[in-house]
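Take this structure first; my questions come after.
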Amino acid sequence: MKSGSVVAISISARKGEKKRNINEATLVRGHGIERDAHAEGGPRQVSLLMDESIDRMRDKGIDVAHGDFAENIVTRGLDLSTLRIGDVIRIGDHGRLEVTMIGKECHSPCNIYYQVGYCIMPDEGVFCKVVEPGRIRVGDRVFLENP
């Protein structure tokens, strides 16, 4: 079984802005993360990004923190680049996400680009819908469950 861990959870009041870090959050089925601007249903309810991707940005001298790319969940140890649409990710004891999109079309350039200088979400972001609600926390294990 492929697995990793949650290293950050972030939310924002508005779309297109850096998110603030929180220690735990509630996943709402068919909606997203409670109190997050993207929690409105549709295919992009929750966004994930690898901590390893953020590290690569830091290695280039860009000062970025978790949430700066407007990602909801940052993972470490689980290679998100191997995911496919339809894959299911379990977070902790409660909460399952189904991958709906790999990468995204970005405005040219988006607000994050102006704030950070570069945006990795169009190429490396993973977007999901909540298929099992639950409370998630920083430090939770993240597992890939393939059908």
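(1) in contact (Cβ under 8 Å) with a residue 40 or more places away in the chain; (2) in contact with a Lys or Arg (Cβ under 9 Å, 6 or more places away or on another chain): which one isn't true of Leu48, the others all being true?
In the conditions (1) in contact (Cβ under 8 Å) with a residue 40 or more places away in the chain; (2) in contact with a Lys or Arg (Cβ under 9 Å, 6 or more places away or on another chain), Leu48 misses (2) alone.
Being in contact with a helix residue (DSSP H, G or I) (Cβ under 7 Å, 6 or more places away or on another chain) and of a type in the set (S, T, N, Q) narrows it down to one residue among Thr26, Thr75; which is it?
Going through Thr26, Thr75 in turn, just one is in contact with a helix residue (DSSP H, G or I) (Cβ under 7 Å, 6 or more places away or on another chain) and of a type in the set (S, T, N, Q): Thr75.
Give the residues of the stretch 40-85 that are buried (at least 18 other Cβ atoms within 10 Å of the Cβ), of a type in the set (A, V, I, L, M, F, W, C) and closer than 15 Å to Arg20 by Cβ, sorted by residue number.
Result: Val64, Phe69, Ala70, Ile73, Val74.
Output the residue which, of all residues in the stretch 22-36 that are among the acidic types (Asp, Glu) and free of Cβ contacts under 8 Å to residues at least 60 places away in the same chain, is surrounded by the fewest Cβ atoms within 10 Å (Cβ to Cβ).
Step by step, filter the stretch 22-36, then rank; the result is Glu34.
Would you confirm, using the coordinates I've provided, whether Lys19 is surrounded by 13 or more Cβ atoms within 10 Å (Cβ to Cβ), over 20 Å from Leu80 (Cα atoms), free of Cβ contacts under 8 Å to residues at least 60 places away in the same chain and not small (Gly, Ala, Ser)?
Numbers: surrounded by 13 or more Cβ atoms within 10 Å (Cβ to Cβ): yes; over 20 Å from Leu80 (Cα atoms): yes; free of Cβ contacts under 8 Å to residues at least 60 places away in the same chain: yes; not small (Gly, Ala, Ser): yes.
Here the answer is yes, as Lys19 does meet what is asked.
If you check Gly86, Gly30, which single one turns out to be touching a strand residue (DSSP E or B) at 6+ places or on another chain (Cβ under 7 Å) and more than 18 Å from Ile136 (Cβ to Cβ)?
The unique qualifying residue is Gly86.
Throughout, read-outs are computed from the coordinates displayed, never taken from laboratory work. Just so you know, these numbers come straight off a predicted model, no measurement behind them. Every residue, glycine among them, receives a Cβ derived from its backbone with ideal geometry; neighbour counts consider all protein chains shown.
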